[in-house]
Amino acid sequence: MNEAANVAILVVAGGRGTRVGGDQPKQYRPLLGLPLLTRTLANLAAAAPDAHLRTVIHPDDREAYDAALCTLSRTSKSWATPAIGGPTRQQSVRNGLEALAADGLSQQAIVLVHDAARPFPSRDLVARAIESARSHGAAVPGLPLTDTVKQVAPSGRIHGSPDRATLRTVQTPQAFRFDVLLAAHRQAADAGEHDLTDDAAVVERAGHAVYVFDGEKENVKLTTADDFSRAEARLLGELADIRCGQGFDVHAFGAGDHVWLGGLKIPHDQGLEGHSDADVLAHAITDAILGALADGDIGAHFPPSDPKFKGAASSLFLADAVQRVKARGGLLAHVDATLICERPKIGPHRDAIRENLAKVMGVALSRVALKATTSERLGFTGRGEGIAAMATATIRLPFEG
Ligand code: MG
């Protein structure tokens, strides 16, 4: 850890929440193409670039966590090994705090505890959290209630109308001086209390004053499938920079008994010569995506002169191009490609190639189109000297002017 780090953020991702549906915990469920946790971590890292980030995960989730971090590994930030959570949220936070203590975090540092299921922490919110914790030692974001609140008995009968002016709903990040929060957690655990639902309650229990600062309506917690749909619609609205890139490639036939097309091995009485595995289709699509990003071309990123790319699987280049879109906060909306050759016949392999391309690019099959044509025996493709491929890729990026 950076010794000067005076702010740490603990992201609690150890829950099993599957209310949203599906069999994976919701923090690993894709939110517009990226795991929810990835979006939360990326936004926290952007909101507090100098903070030390630690995530607490469930012991069964290491693989899912590593996959979620894959896109983030392109950022300059170094990501600490995750801490392993306990059976309750409170115990998970405690484990994370002990990991921060082992990291050597200063007792005077500020610790923000944030739920993985809140993917939209803004820079302003995080700044307010840090400021409030510095002033008060313990502070949580809260929102005033706009609806009237009633206390209701199980029978449905109302038996109280609390004054809503004194009430707040609270969110995360909750912010504390490290020594205050760590001592309060140790104290609660020693007293046999393991099920307090937020960190404010742990600190309140220890007798420390906790203050409220302004939360944000947009800082929603995603719990249900509806929450995910609304969050996706919001994110899609932010991806207003819609771009189309094009790519073109040719490889000549040579000796061999197969060709690679779209990452799939197709038996043929000739092979293709050239860069990597000479997958002309994967190369054209990779260039189309790089073109949409205005980020060079396949030869610039994977020079043919570099021996490590000799014979390499071109699906790696394609996956890399898609990761570049994700690293820019965008998504791949559609790919359309055409193969031009007399032989091999593409029709029998078309759907298998599309399926493989969709898998490599991490998009739905309906977002991948593949056509094939001959050139009526004209030109080099017509004479059977090689295969040409054309592709367009449509991507959506955050509008940055
Ligand atoms: Mg090529």
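The values are calculated or read from the model by the stated rules, or taken from the named source; none is laboratory data. Everything numeric in this text was worked out from a predicted model, so none of it was measured. Note that each Cβ is placed from the backbone with ideal geometry, even for glycine, and that neighbours are counted across all protein chains shown. Areas reflect the complete protein model, heavy atoms only, side chains present, ligands, DNA and RNA absent. Shrake-Rupley method; radii C 1.70, N 1.55, O 1.52, S 1.80 Å.
Pairs linking a residue in segment 130-150 that is small (Gly, Ala, Ser) to a residue that is part of a loop (DSSP other than H, G, I, E, B) and open to solvent by less than 100 Å² (accessible area, probe 1.4 Å), with Cβ atoms under 7 Å and 6 or more positions apart or on different chains, are 137/208; 138/208; 138/209; 138/210; 139/210; 142/215.
Only residues that are at pLDDT 95 or above, touching a helix residue (DSSP H, G or I) at 6+ places or on another chain (Cβ under 9 Å), closer than 20 Å to residue 121 by Cβ and surrounded by fewer than 17 Cβ atoms within 10 Å (Cβ to Cβ) were counted across segment 222-245, and they come to 0.
More than 18 Å from residue 252 (Cβ to Cβ), in the same structural domain as residue 250 (by TED's automatic domain parsing) and surrounded by fewer than 17 Cβ atoms within 10 Å (Cβ to Cβ): is that true of residue 384 in this structure? The answer is no for residue 384.
Residues are listed down the side, and each one gets a yes or a no for (1) buried (at least 19 other Cβ atoms within 10 Å of the Cβ); (2) part of a loop (DSSP other than H, G, I, E, B):
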| site | (1), (2) |
| --- | --- |
| 94 | yes, no |
| 101 | no, no |
| 106 | no, yes |
| 111 | yes, no |
| 129 | yes, no |
| 135 | no, no |
| 141 | yes, no |
| 147 | no, yes |
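Counted as qualifying within segment 313-401 are the strands (runs of 3 or more DSSP E) with 1 or more residues that are at pLDDT below 95 and within 21 Å of the chain's Cα centre (by Cα), namely 331-340.
Only one entry in 327, 388 is touching a residue at least 60 places away in the same chain (Cβ under 8 Å), within 14 Å of the ligand (Cβ to nearest atom) and in contact with a helix residue (DSSP H, G or I) (Cβ under 7 Å, 6 or more places away or on another chain), namely 388. Residue pairs whose Cβ atoms lie under 6 Å apart, sitting 6 or more positions apart in sequence or on different chains, and linking a residue in segment 106-117 that is assigned by TED's automatic domain parsing to the domain that holds residue 55 to a partner that is basic (Lys, Arg), are 117/221. Residue under question is residue 172, and the condition is that it be over 24 Å from the mean Cα position of the chain (by Cα) and closer than 23 Å to residue 97 by Cα; does it hold? It is false that residue 172 is over 24 Å from the mean Cα position of the chain (by Cα) and closer than 23 Å to residue 97 by Cα. For segment 263-314, name all the residues that are more than 10 Å from the ligand (Cβ to nearest atom), open to solvent by less than 20 Å² (accessible area, probe 1.4 Å), touching a helix residue (DSSP H, G or I) at 6+ places or on another chain (Cβ under 9 Å) and free of Cβ contacts under 8 Å to residues at least 60 places away in the same chain. The answer is 290, and nothing else. Would you check if there is a residue in segment 247-259 being within 19 Å of residue 358 (Cα to Cα), among the charged types (D, E, K, R) and within 16 Å of the ligand (Cβ to nearest atom)? No, that holds for no residue. Taken over segment 363-374, the criterion of being closer than 25 Å to residue 71 by Cα and crowded, with 16+ Cβ neighbours inside 10 Å is satisfied by 363, 367, 368.
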